[in-house]
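Here is the structure we will look at, set down as structure tokens.
The values are calculated or read from the model by the stated rules, or taken from the named source; none is laboratory data. Treat the numbers as computed from the prediction; the structure is a model and nothing was measured. Cβ atoms come from the backbone with ideal geometry, glycine included; neighbour counts cover every protein chain shown.
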């Protein structure tokens, strides 16, 4: 029984540290104008976006890494404001398909948030 409680508390701490709770969720949509690969930060529509080890990057619906992001890509960023900084939970890259751009990734489509 003790192991059950330890696992439960550990799981709750991991969820809290990774920001899984949806309180205060903020969404940002725009083009990446700058990337600092060493600091794992980027700028989208003039807003500095910070990442953590819990940030997920999706390109064309597939899991990618921060290093796969490029200046000029159009992204939808879902995150929270922590101590005045935008911290990303998920970064989804919009990819071209056919004659039009189509959003790929989880969550609402552009214009629905």
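What number of residues within region 59-90 are in a loop (DSSP other than H, G, I, E, B), free of Cβ contacts under 8 Å to residues at least 40 places away in the same chain and surrounded by fewer than 15 Cβ atoms within 10 Å (Cβ to Cβ)?
So in region 59-90, the residues in a loop (DSSP other than H, G, I, E, B) come out as 60-61, 65, 69-73, 83-84.
Add one more test, that the residue is free of Cβ contacts under 8 Å to residues at least 40 places away in the same chain, and what stays is 65, 69-71, 83-84.
With surrounded by fewer than 15 Cβ atoms within 10 Å (Cβ to Cβ) added as a condition, the list becomes 65, 70-71, 83-84.
Here the count works out to 5.
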*When region 48-72 is examined, which residues are found to be in contact with a strand residue (DSSP E or B) (Cβ under 7 Å, 6 or more places away or on another chain) and on the phi > 0 side of the Ramachandran plot?*
60, 72
*Within region 85-101, track down each residue that is within 14 Å of residue 73 (Cβ to Cβ) and at pLDDT below 70.*
101
